[in-house]
Amino acid sequence: MTSSSGFSCTQSRLQEIAADILKTARKRGASACELDISESFGQSVSVRMGTVDTIEYNRDKGVEITVYLGQRRGQASTSDFSRAALKSAVDAALSIARFTAPDPCSGLADKALMARECPGLDLFHPWDIGVDDAIALARRCEAAAFAVDRSIRNSEGANVSTHHAHFVSANSLDFMGGFTSSRHGLSCAVIAGEGDAMQREYWYDARRDAAELPSAEDVGRIAGERALARLGAKKIRTRQTPVIFEAPLAVGLVGNFVQAASGGALYRRSSFLLDTLGQQVFSPVIHISERPHLKKSFGVSWFDGDGVATRDREVVIDGVLQGYFLSTYSARKLGLQTTGNAGGSHNLRVRPGEDDLGALLRKMDKGLLITELLGHGINYVTGDYSRGAAGFWVEKGKIKYPVQEITIAGNLRDMFRNIVAVGNDALPRGAKHCGSILIESMKIAGR
């Protein structure tokens, strides 16, 4: 049976199941237990060349149970919410724990750190769009891309997606929390030109509330304009030059920082940011905040994956690293205190500068604007960075011509420290917010 919200279980029912699992684990001999129980559903519709390409529905649910026998840990999961299946999952986790070596860093977080207050964050905005309406919206999006110019002759499709989810997390320390959320998106990818001169580009947006999405026509138009601008792309000679990472790619640099500053990489000693707490790791223009309680945002929560209360904090101030991203386990491995980041960072925001992208181009004067990255050539142990790229060559602060088939290379240590400016053009479609980033110099390998 489906509830009025579209879920098969209400939030209170998930809480009841969670309480039963904790009770069963205790009766079966577990010294502690923690769990996550979730359910989600959604649909995705894509149109290509005006014809329906795919219609997909998804509905998932599952529970992941972790039990402890002292410092020994076992984990099991199931998608069956019946009492018998949940008891079997608890027994399976206990069986695994019995054969696991003790780990002195294993176990639940300190009880005093548990989140107790979890008011709403305005994350759930259901979008009850029917398939016919979604198809019509996708067609409008793709048509807007084709309308940009006759050179746009082909398409990889336009997509309209909806996603609704809710979950409950609980553990033996009397912690229980959860919430309901939504994510809706529009995207379009088209191809301009013909033969060997074809160029592909795309654009997308995502919001909690579908009412805040840009129009289908705007998403399609931007995709079309971006594809058209890529026509006539060529290689450039190998050189050292200033570089701008466009805002959608700049958030990737923030992600590289998070990966290197995360507990797992640090206690394994596989990060170039090892032992850099309190040191200058970025240019003084960089200030990064973590804001886990901003309503209607992505990546927000009152608690992390361990049930630890999250809090606002300044991760980087004037380029100086103020804190890592630590779970309870990684903090214990490092002899530090958890930062409430089990499961990752929460809604990171890089303080914007005063310049839009046009002003950043003028500030750079001559160099490369990067709009696409290819491959994953990043060594987090050394910080070495090398990726295929495409974009635009800039002279006298203006785009001169498109560039393709090049490689950009450097080291993240130097790239972070040589950031000249951050733009004010951040996009609100993800859990990391950062405008375009201007870096003083990078190696460009071309012809």
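So for segment 38-49 (the condition being among the β-branched types (Val, Ile, Thr), over 22 Å from GLY107 (Cα atoms) and either touching a residue at least 40 places away in the same chain (Cβ under 8 Å) or crowded, with 19+ Cβ neighbours inside 10 Å (or both)), does at least one residue qualify? Among the residues of segment 38-49, at least one is among the β-branched types (Val, Ile, Thr), over 22 Å from GLY107 (Cα atoms) and either touching a residue at least 40 places away in the same chain (Cβ under 8 Å) or crowded, with 19+ Cβ neighbours inside 10 Å (or both), which makes the answer yes.
With the structure loaded, tell me whether LEU361 is open to solvent by less than 60 Å² (accessible area, probe 1.4 Å) and over 25 Å from the mean Cα position of the chain (by Cα) or whether it fails that test. Yes: the conditions hold for LEU361. Just one of the listed residues (GLY446, GLY375, GLY430) is open to solvent by less than 50 Å² (accessible area, probe 1.4 Å), modelled with pLDDT under 95 and in contact with a Phe, Trp or Tyr (Cβ under 7 Å, 6 or more places away or on another chain), namely GLY430. Once segment 210-249 is narrowed to residues that are under 20 Å from ALA136 (Cβ atoms) and not small (Gly, Ala, Ser), the residue that is least open to solvent (accessible area, probe 1.4 Å) is VAL219.
Note on segment 344-358: residues that are under 24 Å from LYS234 (Cα atoms) and within 18 Å of the chain's Cα centre (by Cα) amount to 0.
Report whether or not SER172 is in contact (Cβ under 8 Å) with a residue 12 or more places away in the chain and within 17 Å of ASP60 (Cβ to Cβ). No: the conditions fail for SER172. In the set (1) closer than 21 Å to LYS432 by Cβ; (2) at pLDDT 95 or above, TYR329 fails one condition alone, (1).
Residues that are of a type in the set (Phe, Trp, Tyr), free of Cβ contacts under 8 Å to residues at least 60 places away in the same chain and closer than 30 Å to GLU225 by Cα do not occur anywhere in segment 115-128. Checked against (1) open to solvent by less than 10 Å² (accessible area, probe 1.4 Å); (2) more than 27 Å from GLY305 (Cα to Cα), GLU290 passes all but a single condition, namely (2).
Cβ separations smaller than 6 Å between residues 6+ apart or across chains give the following pairs from segment 137-163 residues that are modelled with pLDDT of 95 or more and open to solvent by less than 20 Å² (accessible area, probe 1.4 Å) to residues that are among the hydroxyl-bearing types (Ser, Thr, Tyr) and part of a strand (DSSP E or B): GLU142/SER155; GLY157/SER46. PHE392 meets each of the listed conditions (1) within 17 Å of ALA250 (Cβ to Cβ); (2) surrounded by fewer than 17 Cβ atoms within 10 Å (Cβ to Cβ); (3) over 20 Å from the mean Cα position of the chain (by Cα) apart from (2). Looking only at segment 111-124, residues that are open to solvent by 30 Å² or more (accessible area, probe 1.4 Å), modelled with pLDDT of 95 or more and assigned to a loop (DSSP other than H, G, I, E, B) come to 2 in all. The set of residues in segment 263-284 being open to solvent by less than 60 Å² (accessible area, probe 1.4 Å) and within 24 Å of ALA421 (Cβ to Cβ) consists of PHE272, LEU273, THR276, VAL281, PHE282, SER283. Based on what the data block shows, is PRO104 assigned to a loop (DSSP other than H, G, I, E, B), farther than 25 Å from LEU186 by Cα and out of contact with any Cys (no Cβ under 6 Å at 6 or more places or on another chain)? The answer is yes for PRO104. I'd like to know if segment 172-182 contains one or more residues that are over 29 Å from ALA18 (Cβ atoms) and open to solvent by 20 Å² or more (accessible area, probe 1.4 Å). No: zero hits. Within segment 53-88, being of a type outside the set (Lys, Arg), surrounded by 15 or more Cβ atoms within 10 Å (Cβ to Cβ), in contact with a strand residue (DSSP E or B) (Cβ under 8 Å, 6 or more places away or on another chain) and in contact (Cβ under 8 Å) with a residue 40 or more places away in the chain holds for ASP53, VAL63, ILE65, VAL67, TYR68, PHE81, LEU86.
Residues of segment 7-32 that are part of a helix (DSSP H, G or I) and in contact (Cβ under 8 Å) with a residue 24 or more places away in the chain: GLN11, LEU14, GLN15, ILE17, ALA18, ALA19, ASP20, ILE21, LEU22, THR24, ALA25, ARG26.
Taking the criterion of being within 30 Å of VAL160 (Cβ to Cβ) and either in contact with a Ser or Thr (Cβ under 6 Å, 6 or more places away or on another chain) or hydroxyl-bearing (Ser, Thr, Tyr) (or both), the residues of segment 7-50 that qualify are SER8, THR10, ASP36, SER38, SER40, GLY42, GLN43, SER44, SER46, ARG48, MET49.
The values are calculated or read from the model by the stated rules, or taken from the named source; none is laboratory data. It should be emphasised that the depicted structure is a prediction, and the values quoted were computed from it without experimental measurement. All Cβ positions, even for glycine, are placed from backbone atoms using ideal geometry, and neighbour counts span all protein chains on display. These area figures cover heavy atoms from the full protein model, side chains too; ligands, DNA and RNA do not enter into them. Shrake-Rupley method; radii C 1.70, N 1.55, O 1.52, S 1.80 Å.
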